[in-house]
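First the structure, in the form of structure tokens, and then the observations on it.
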Amino acid sequence: MLTITKEFSFHAAHRLRCSGFSEEENRRIYGNCANIHGHTYRLRVTLTGQPDETGMILHFDTLKAIVRREVLDRYDHADLTALDEYTHRPATAECMAEHIFAVLDAALRSDRYRLHEVAVYETPTAWATRTRHV
């Protein structure tokens, strides 16, 4: 299997909370992360596939444009908690990885390649990864 990976970064704020829980329950579960705070996120997007006649699975500039259009333009310098996708679930790295994978999977359709993995780094030592089920 041959893969390519491109890494991106964006700045965003969020507040971890579950809409069905009281403020007290959210604070008990999420601690200080129940307060609004920000991160410099890293996003790693990996495709698997076969190179075409150019020798590339997908031109990195094309991948960059798709990720920018589908994710970064909405997420960079945003309050993630205010986005529709996090209205009914918390903007955790896990939920973000699931959502971003679904969005990019729909945008990256080809007979030669497919989305393989999305990793969302909240910090350099903490991240969530969503990998395609085989």
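Take every Cα pair under 8 Å in the range 1-104 that's 6+ residues apart, average their separations, divide by the length, and report that relative contact order as a whole percent. Before the final figure, lay out each step's value.
On the way: 128 pairs, mean separation 40.3, N = 104.
39 percent.
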#### Entry: Spherically averaged projected area in nm², based on the convex hull that wraps the Cα atoms of the chain
8.7 nm²
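What is the fewest-to-most order of 56, 1, 96 by other Cβ atoms lying within 10 Å of their Cβ?
Going from sparsest to densest Cβ surroundings: 1, 56, 96.
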### Query
If you put +1 on each Lys and Arg Cβ and -1 on each Asp and Glu Cβ, how big is the dipole of the range 3-131 around its Cα centre, in Debye rounded to 20?
120 debye
### Task
Enumerate by residue number the GluC sites (Glu not before Pro) in the range 6-111 meeting two conditions: DSSP loop (anything except H, G, I, E, B), and at most 13 other Cβ atoms within 10 Å of the site's Cβ.
53
#### Entry: Residue order, fewest to most beta carbons within 10 Å, for 28, 15
28, 15
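Read-outs: derived from the displayed coordinates by stated rules, not from any lab. From a predicted model like this one, the values you see are computed outputs, not experimental measurements. Cβ atoms come from the backbone with ideal geometry, glycine included; neighbour counts cover every protein chain shown.
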